[in-house]
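Contents: one structure, followed by commentary.
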Amino acid sequence: MIQLQLIKSKEGYEKSKCLISHDDKVLFIEEATYLYIETPELLKQPEKYFFLKEDLILRGIIASENTDDLSNIIDYKQMVKLVKETKKTITWF
């Protein structure tokens, strides 16, 4: 069963790492978006790991014009689609 692991903090990611299955999708939001620059290996799997564009911009991690060519950066509309595609959502704080 494909699940969406919704990560809201660095601590939440640490707690969830051992429970993320091969098929799961992982979305980093809020404070967890700092992992975009701190954990570059996550960017190597754009079909599994996603970062919320608005939170990246809000925190000054990326500029709004730098997101069109990055498949693992998604907006709110794409986030809703991702939630609908998965059977279950688990949130990690």
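Just one of the listed residues (L4, L56) is free of Cβ contacts under 8 Å to residues at least 24 places away in the same chain and buried (at least 19 other Cβ atoms within 10 Å of the Cβ), namely L56. Among the residues making up the range 20-50, those that are aliphatic (A, V, I, L, M) and touching a strand residue (DSSP E or B) at 6+ places or on another chain (Cβ under 8 Å) are I20, V26, L27, I29, A32, L35, L42, L43.
Results for (1) among the aromatic types (F, W, Y); (2) open to solvent by 60 Å² or more (accessible area, probe 1.4 Å); (3) free of Cβ contacts under 8 Å to residues at least 40 places away in the same chain, shown as yes or no for each residue.
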position	(1), (2), (3)
L35	no, no, yes
L42	no, no, yes
K48	no, no, yes
F51	yes, no, yes
I61	no, no, yes
S71	no, yes, yes
Q78	no, yes, yes
K81	no, yes, yes
I90	no, no, no
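Please enumerate the residues belonging to the range 9-23 that are surrounded by fewer than 19 Cβ atoms within 10 Å (Cβ to Cβ) and out of contact with any Leu (no Cβ under 7 Å at 6 or more places or on another chain).
We begin by selecting, within the range 9-23, every residue surrounded by fewer than 19 Cβ atoms within 10 Å (Cβ to Cβ); these are 9-11, 14-23.
Listed by number, the residues that qualify are S9, E11, E14, K15, S16, K17, C18, L19, I20, S21, H22, D23.
Of all residues in the range 1-22, those being more than 20 Å from D55 (Cα to Cα) and touching a Lys or Arg at 6+ places or on another chain (Cβ under 9 Å) number 5.
Just one of I57, I61, I37 is farther than 15 Å from I90 by Cα and outside any helix (DSSP H, G or I); which is it?
Details: I57 fails: outside any helix (DSSP H, G or I); I37 fails: outside any helix (DSSP H, G or I).
Criteria check complete, one pass: I61.
Residue count for the range 1-20 satisfying the condition of being modelled with pLDDT of 95 or more and assigned to a loop (DSSP other than H, G, I, E, B): 3.
Cβ-Cβ contacts under 9 Å between residues 6 or more apart (or on different chains), taken from a first residue in the range 17-29 that is small (G, A, S) to a second residue that is at pLDDT 95 or above and surrounded by fewer than 18 Cβ atoms within 10 Å (Cβ to Cβ), are listed as S21/Q3.
The values are calculated or read from the model by the stated rules, or taken from the named source; none is laboratory data. All figures in this text were calculated on a predicted structure; none of them were measured in a lab. Glycine also receives a Cβ, built like all others from the backbone with ideal geometry; neighbour counts cover every protein chain displayed. Side chains are part of the model used for accessible areas, which takes the heavy atoms of the whole protein and leaves out ligands, DNA and RNA. Shrake-Rupley method; radii C 1.70, N 1.55, O 1.52, S 1.80 Å.
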